[in-house]
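Taken together, the values in this text are just the output of simple stated rules run on the coordinates, not laboratory data. Note that the structure is predicted; figures quoted are calculated from it, not measured. Virtual Cβ from ideal backbone geometry, glycine too; neighbours counted across all protein chains shown.
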Amino acid sequence: MPVEITVNVVGIHELQLKLEQLDLAMRSRIDETLNQEVASIQVAAQNLAPKRTGYLASTIYAERTGEWSFKLGAKARYAYFVEFGTRFMRARRFLCQALEQAVPHVVHQVSQALREAIAEAGGP
């Protein structure tokens with residue numbers, strides 16, 4: 001059973017409105033930063049996945065689904081059972097752990113990209 005986690009940044013409506021006012025070049029800087037972070041999360045999940053044959057890690061993907069959202073998942077049929085465990089096997093949370101480890105860094109990097117975009121636009 002494949003497993004997939006969708007991440008949506010919510011509660012930042014005001015920020016999204018202000019971002020819409022930024023020109024395309026500045027928005028692309030933030031978008032590029034988020035793309036890099038999503039790719040890093042995929043690599044982290046692949047490194048954290050338990051490896052007997054390496055198949056599970058090879059099926060891990062991360063893709064942007066919107067301006068502020070992405071999906072992280074694994075297509076291996078047994079990925080769900082590895083991630084969440086069974087009554088016979090403990091959970092080996094490779095996807096959740098990759099996300100938990102990445103969130104502070106993602107927030108920092110996107111914040112930094114925002115500050116740089118604002119400074120370029122002549123803001124404070």
Per the rule of 0.36 nm per residue minus the C-alpha distance, extending Glu32 to Glu116 adds in nm 28.9 nm
Listing Val3, Val103 by rising number of other beta-carbon atoms within 10 angstrom, fewest first, gives Val103, Val3
Taking every other residue with Cβ under 12 Å from the Cβ of Tyr78 and scoring Lys and Arg +1, Asp and Glu -1, one gets +3
